Each structure stands twice: as C-alpha cells, then as structure tokens.
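Structure record follows, encoded as structure tokens.
The values are calculated or read from the model by the stated rules, or taken from the named source; none is laboratory data. Computed from a predicted structure; not experimentally measured. Please note: Cβ atoms are built from the backbone with ideal geometry, for glycine as well, and neighbour counts cover all protein chains shown. Remember, those area values only see protein heavy atoms, side chains included, never the ligands or the DNA or RNA. Shrake-Rupley method; radii C 1.70, N 1.55, O 1.52, S 1.80 Å.
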Amino acid sequence: MGRVRGPWPAGRGPAGEAKGTTMAGNDLGGLLGGLLGGGQQGGGSSGGGGNILGALLGALMSKGGGSNPLGGLLDGLTKAGLADQAQSWVGSGENQPVSGAQVKEALPDATLQQVAEDAGVSPEQAADEIAQQLPQVVDKLTPGGQVPSGSLEDIIRQQQL
C-alpha cells in the first residue's frame, strides 16, 4: 500500500532501461566473453565483444525473444539478406564475414541504439563490434549445425565445459 514509486515510468529503471535488461546483458556479456576466450577486447571503451553481444542478446530477450533469442536473431539476419552468412556460422565449414553496415541494416534501429547505450559506444561502433564477434559466437553456440534449444545462458555454459 505504501509503495513509493520513482520518477521513471513503470517497468523502467532509473536510467530508462527496462528492468533486468542491463543485468541480463552484463551476465550474458561475461559468459560470451568467456566463450570468446576471455581476453579478447574490442575497440574503445566497449569492454570487449562479449559485452556488446551480451547487450544485444539482452535487448532481444527484453523485446520478447524469450530465454534464447539466438534463433530470432538468425531469422532477422536471414530476412535482411544475410542468409548465406548466418547459415555459414551455424553449419560446419568456414564462417563468412559480415560488415558493421550489414549488421546496422539488419537490426532494428531501436535495438542497435539500446545496445550502443548499454555498451557506452556509438551505434556504428556497436554494429562493427557485433559484426566482428557474431560469426565466432554463433559458430560456437551451434556445434551440431543447428540452433540448440534451452536457455541461452545454459547453452553458453555447456559450450565452455
């Protein structure tokens, strides 16, 4: 009854982010950083590709991607004309590269903006970092040639064993 509400909209935190999004992104960022080898750092103050990808996957989960937004992300890339690249990451064989510009075209503007804000970089830097790290991460998360079921955090933890 006597609950005090902050000045921000319901369901949003003090910085305007959806509650849980930043924490989910940080958790995923740490797990993805470990999956990428831990010490790989991206440019600038991004804190590495794991943090950028964690922010991206956290943003996708908060927008209804469930506990495993990987399939939705790959579907979005496919619809944006990057089917060959996305399939090369999932399947065996060499991973085809993707550019920051292609990532920027494939992701919704609001999602890329949120990822950039969460990571403390520009949208262009976020897109470039995603383009650099996404092929490797998707490849490692899909060792059987298909997107596994289960929560993304469980899948990442299984791949680190």
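Residue-wise test of (1) in contact with a Ser or Thr (Cβ under 7 Å, 6 or more places away or on another chain); (2) among the aliphatic types (A, V, I, L, M); (3) part of a loop (DSSP other than H, G, I, E, B).
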{"site": "Gly72", "(1), (2), (3)": "no, no, no"}
{"site": "Asp75", "(1), (2), (3)": "no, no, no"}
{"site": "Ala80", "(1), (2), (3)": "no, yes, no"}
{"site": "Val98", "(1), (2), (3)": "no, yes, yes"}
{"site": "Ala126", "(1), (2), (3)": "no, yes, no"}
{"site": "Val137", "(1), (2), (3)": "no, yes, no"}
{"site": "Lys140", "(1), (2), (3)": "no, no, no"}
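Just one of Val147, Val121, Val103, Val138 is in contact with a Leu (Cβ under 8 Å, 6 or more places away or on another chain), within 18 Å of Leu56 (Cα to Cα) and at pLDDT 90 or above; which is it? Even if it seems obvious, please write down each step before you answer.
Values: Val147 fails: at pLDDT 90 or above; Val121 fails: in contact with a Leu (Cβ under 8 Å, 6 or more places away or on another chain); Val138 fails: at pLDDT 90 or above.
The unique qualifying residue is Val103.
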Report task. Answer yes or no as to whether Val121 is more than 14 Å from Leu73 (Cβ to Cβ), part of a loop (DSSP other than H, G, I, E, B) and touching a residue at least 12 places away in the same chain (Cβ under 8 Å). Result -> yes
Requested in this report: Kindly provide the set of residues from segment 123-138 that are over 13 Å from Ser99 (Cα atoms) and open to solvent by 40 Å² or more (accessible area, probe 1.4 Å), ordered by number.
Outcome: Gln136
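Yes or no, residue by residue, for (1) polar (S, T, N, Q); (2) modelled with pLDDT of 65 or more; (3) loosely packed, with under 13 Cβ neighbours inside 10 Å:
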residue: Gly2; (1), (2), (3): no, no, yes
residue: Gly37; (1), (2), (3): no, no, yes
residue: Leu77; (1), (2), (3): no, yes, no
residue: Glu94; (1), (2), (3): no, yes, yes
